[in-house]
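Below you'll find the structure, written out as structure tokens, and then a few comments.
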Amino acid sequence: MPANPETPSASASRPDSQMAISVRGLNKFYGAFHALKNIDMDVANGEIVIVCGPSGSGKSSLIRCINHLEQHNAGTIHVNGTELVARPASVIKVRRDLGMVFQNFNLFPHMTVLANCIFALRLALHMPQAESEKVARDHLEQVNVLDQAGKYPGELSGGQQQRVAIARALCLQPRIMLFDEPTSALDPESVGSVLRIMEKLAASGITMVCVTHEIGFARRVAHRCVFMERGEIVEDAPTAQFFGKPNNLRLKAFLDQVL
Ligand code: ADP
Ligand code: MG
């Protein structure tokens, strides 16, 4: 007999198709190493979720599984109702909704700033050249780097490169943005410029999952915060509760260090 869908245990194990991201029972192994252990996580449309935790706790693995840069071994990932499976049609559909920004920018070094953005539009959306150039310029302007459009990434500061990376991702109009420690590789002066852009983006209503230890930023923008430890989510709470009344002892110790 099928489980009663109204029972809490049944509903807790079912993906929620209304969610932007719905992860259930996610497990990831690197060889014998168990990097993600039974992760359940939902991210609603328009929600800003911050993921933090010690180095090696699985934050990048989680983000990378969500856009299939890493393949998960068990469990399910749904993005806007589409299940992510290792088939091109599924991966392409899911990635169409996701923009990704990495710690080390990952811009194409041999292309100018403008060409980096145009390339993404031409490749992913087959947009005509003239239109793609206009879209690229508009987005570069929004992150205050249009004056750098003709330069190569290596000629820009880290903060400028990261803002280009954000513009390049936004050109494709993703419904969800994934950030993996976007300010960790930046000098202190550049951090603020990137966080201001991310804050503006958060206010635009986009869905965002962001791995970061920028606590001030998290407190200002996040609806919810998640703390990971040794491949598990050990706390997942509304932001005020997460910082004000954490349940988990390891999170308390972590916050004592970073606050
Ligand atoms: P975090 O982003 O929280 O620092 P990661 O997700 O990068 O953590 O890594 C989680 C664990 O998985 C770490 O112990 C790391 O060494 C291991 N790991 C990550 N990527 C790989 C890989 N490609 N091959 C083997 N082990 C990996
Ligand atoms: Mg990481």
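The values are calculated or read from the model by the stated rules, or taken from the named source; none is laboratory data. Worth saying up front: this structure is predicted, and the values here are computed from it rather than measured. Positions of Cβ are generated from backbone atoms using ideal geometry, with glycine treated the same way; all protein chains shown enter the neighbour counts. Each accessible area value is taken on the protein alone, full model and side chains, heavy atoms only, with ligands, DNA and RNA left out. Shrake-Rupley method; radii C 1.70, N 1.55, O 1.52, S 1.80 Å.
One table, with the values for the structure above:
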| quantity | calculated |
| --- | --- |
| Acute angle (nearest 10 degrees) that the helix 249-258 long axis makes with the longest principal axis of the chain, alpha-carbon atoms | 30 |
| Surrounding net charge for GLN71, when Lys and Arg each add one and Asp and Glu each subtract one, Cβ distance under 11 Å | +1 |
| Cα long-axis angle, helix 129-142 against the chain (0 to 90 degrees, to the nearest 10) | 70 |
| In Å², nearest 10: area of LEU170 left accessible to a 1.4 Å probe | 30 |
| Accessible surface of the stretch 5-94 [probe 1.4 Å, protein heavy atoms]: carbon and sulfur percent | 54 |
| Estimated inter-spin distance, ARG87 and ARG220, nm [label 7 Å along Cα→Cβ] | 4.4 |
| Value of relative contact order over the stretch 1-145, rounded to a whole percent, pairs C-alpha under 8 Å and six or more apart | 18 |
| Average accessible surface area per residue within the chain, 1.4 Å rolling probe, Å² | 48 |
| Residue among PHE227, ASN104, LEU84 farthest towards the positive dipole end of the chain, charges placed on Cβ | LEU84 |
| Mean-position separation - Cα centroids, the stretch 18-68 and the stretch 187-202, in angstrom | 24 |
| Leading residue at positive end of dipole, the stretch 129-259 (Cβ point charges), from PHE243, ALA167, SER157 | PHE243 |
| Efficiency of FRET between PHE33 and ARG175 - r from beta-carbon atoms, R0 25 angstrom, step 0.05 | 0.15 |
| Dipole magnitude of the stretch 88-246, debye to nearest 20 (Cβ charges: Lys/Arg +1, Asp/Glu -1, about Cα centre) | 420 |
| Angle in degrees between helix 158-171 and the longest Cα principal axis of the chain, rounded to the nearest 10 | 80 |
| Estimated inter-spin distance, ASN73 and ARG96, nm [label 7 Å along Cα→Cβ] | 3.2 |
| Environment charge at ALA124 (Cβ cut-off 11 Å; Lys +1, Arg +1, Asp -1, Glu -1) | +4 |
| Antiparallel bridge percentage (DSSP; both residues within the stretch 131-259; nearest 5) | 55 |
| Cβ-based net charge around ALA20, under 12 Å, with every Lys or Arg adding one and every Asp or Glu removing one | -3 |
| Sequence-separation-based contact order of the stretch 180-259, relative, with Cα cut under 8 Å and 6+ spacing, percent | 21 |
| Protein accessible area in the stretch 163-225, 1.4 Å probe - carbon and sulfur % | 47 |
| Spatially close lysines, pair count over the stretch 1-153: Cα under 20 Å, gap of eight or more or interchain | 4 |
| Beta bridges by DSSP in the chain, antiparallel share as percent, to the nearest 5 | 55 |
| 13 Å reach of a label modelled at SER184, 7 Å along Cα-to-Cβ, counting backbone N of the stretch 50-65 | 51-64 |
| Spherically averaged projected area in nm², based on the convex hull that wraps the Cα atoms of the chain | 15.5 |
| Test item: Cα-centred dipole of the stretch 1-156, Lys/Arg +1 and Asp/Glu -1 on Cβ, debye | 480 |
